[in-house]
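Peer 1: Take a look at this one; I'll ask things after.
Taken together, the values in this text are just the output of simple stated rules run on the coordinates, not laboratory data. This one's a predicted model, so the numbers in the text were calculated from it and none came from an experiment. Please note: Cβ atoms are built from the backbone with ideal geometry, for glycine as well, and neighbour counts cover all protein chains shown.
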Amino acid sequence: MLLWFSILSSVAAPTPVDVSIRDSIEASLGRVIGADAPAIGNQVARLLRWKGDVIKNVHPGDKLKLLFERAPEPELVALVYSGSEIDLRAYRFDDADGISRYYDESGTLIEPWLLHSPVDGYVQITETVQTGRGKRRHHGLDLKAPEGTPVLTPFDGVVARVNWGSGRANGKCLEVTYENGTVGRFLHLSTVEPVAVPGAKLEAGTRIGAVGSTGHSLAPHLHYEIRAPAGDALDPLEEHGTERAVVAAEKRQAFDVARRAFEVALTGVSATTAVAVPGPADLMGPVQTLQTIQ
Ligand SMILES: [Zn+2]
């Protein structure tokens, strides 16, 4: 596994895990990795959810192989999920903006990319709108981003209210009524901009605050809701629209090198075998690099 040190510049090689699902992902992981299972199980579920329902479509006998780092926080590095209903490969990779996100084998971001996002360059959608039975009710989209990242109003609108309630649940918060009558709600902010006072007209792209972790929040993120005029929670992914994002062209070769290293580590086969895997001719450059690194 020397490849890890060269390609990923990690301080420690990621820990490989190979489990057969028996019940839930977290419980199955727990039998192998113990205390790190809740964090890693949650990160696995965040990716699998884009391929299916992680309660209904995960079945006993499904296979999960993954690599994760224990420090500074447990973090998923790569996974292969081979299930009866869900198949997914995901690799962590730093794209051109320097942010680590998870891509599939074709270099496509696992999750849909939110258009007109209130947070430019967010890291990950860590929670979606959940209203179904047996699920934790969640009326918005959680966008993970570092504390202090600017929050922008995605559409033209008028500020409806600021810092309502006790602040205990929502923390610092803001509501903007968009021109189509729907209401954008921004929670857990670290700061609210002075321009964002009730009645203020704001153009799309105006900075209204910054990402924080105030109120009921465990880590910096923006909780973003859209409410219909009657109050029903709408899905921001549908209201805003999404696109498929891919690794930047200038990072493509580096991605392919990293992906091959991940595949070697995940399958446990020798690097020689992995290099022999047929691929498009334009990927042969990275293979040379892989051999050189060895
Ligand atoms: Zn939330």
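Peer 1: Highest first, please rank the peptides 138-148, 184-194, 246-256 by the mean number of other Cβ atoms sitting within 10 Å of their residues.
Peer 2: The packing order, highest mean first, is 184-194, 138-148, 246-256.
Peer 1: Cα-based count: Lys pairs in the chain below 28 Å, eight or more positions apart or different chains?
Peer 2: Close lysine pairs found across the chain: 18.
Peer 1: Same structure, new question: If packing is taken as the average number of other Cβ atoms within 10 Å across a peptide's residues, how do 20-33, 39-52 rank, most packed first?
Peer 2: Descending packing order for the listed peptides: 39-52, 20-33.
Peer 1: In whole Hz and in residue order, list the ³J(HN,Hα) couplings for the range 56-71 that follow from phi through the Karplus curve 6.51 cos²θ - 1.76 cosθ + 1.60, θ = phi - 60°; x for Gly and Pro.
Peer 2: So the J values, rounded to whole Hz, are 6, 9, 9, 10, x, x, 4, 10, 10, 10, 8, 10, 9, 9, 8, 10.
Peer 1: In a shell of Cβ-Cβ distance under 13 Å around L88, excluding L88 itself, what net charge do Lys and Arg (+1) and Asp and Glu (-1) give?
Peer 2: Combined, the nearby Lys, Arg, Asp and Glu give 0.
Peer 1: Next question, about the same structure. Using θ = phi - 60° and the Karplus form 6.51 cos²θ - 1.76 cosθ + 1.60, what ³J(HN,Hα) does each residue of the range 118-132 get, whole Hz, x for Gly and Pro?
Peer 2: For the range 118-132, the Karplus-derived couplings read x, 10, 5, x, 4, 7, 6, 7, 9, 7, 10, 5, 10, 10, x Hz, x marking Gly and Pro.
Peer 1: If you don't mind, another one. Give me the net charge of P60's neighbourhood, meaning all other residues with Cβ under 9 Å from the Cβ of P60; Lys, Arg count +1, Asp, Glu -1.
Peer 2: -1
Peer 1: Relative to the first principal axis of the alpha-carbon coordinates of the chain, what is the inclination of helix 252-267, with its axis defined by its Cα atoms, in degrees from 0 to 90 and to the nearest 10?
Peer 2: It works out to around 60 degrees.
Peer 1: Given the chain reduced to its alpha-carbon atoms as identical point scatterers, what log10 I(q)/I(0) does the Debye formula return at q = 0.09, 0.16 Å⁻¹?
Peer 2: -0.50, -1.27
Peer 1: Excluding L141 itself, what net charge comes from residues whose Cβ is under 9 Å from its Cβ, given Lys and Arg +1 and Asp and Glu -1?
Peer 2: -4
Peer 1: Can you put S100, S213 in order of Cβ neighbours within 10 angstrom, beginning with the fewest?
Peer 2: With the sparsest Cβ surroundings first, the list reads S100, S213.
Peer 1: Note down the Stokes-Einstein diffusion coefficient of the range 114-243 in µm²/s, whole number, using a Kirkwood radius over alpha carbon pairs, 4 °C, and 1.567 mPa s.
Peer 2: In µm²/s, the coefficient rounds to 90.
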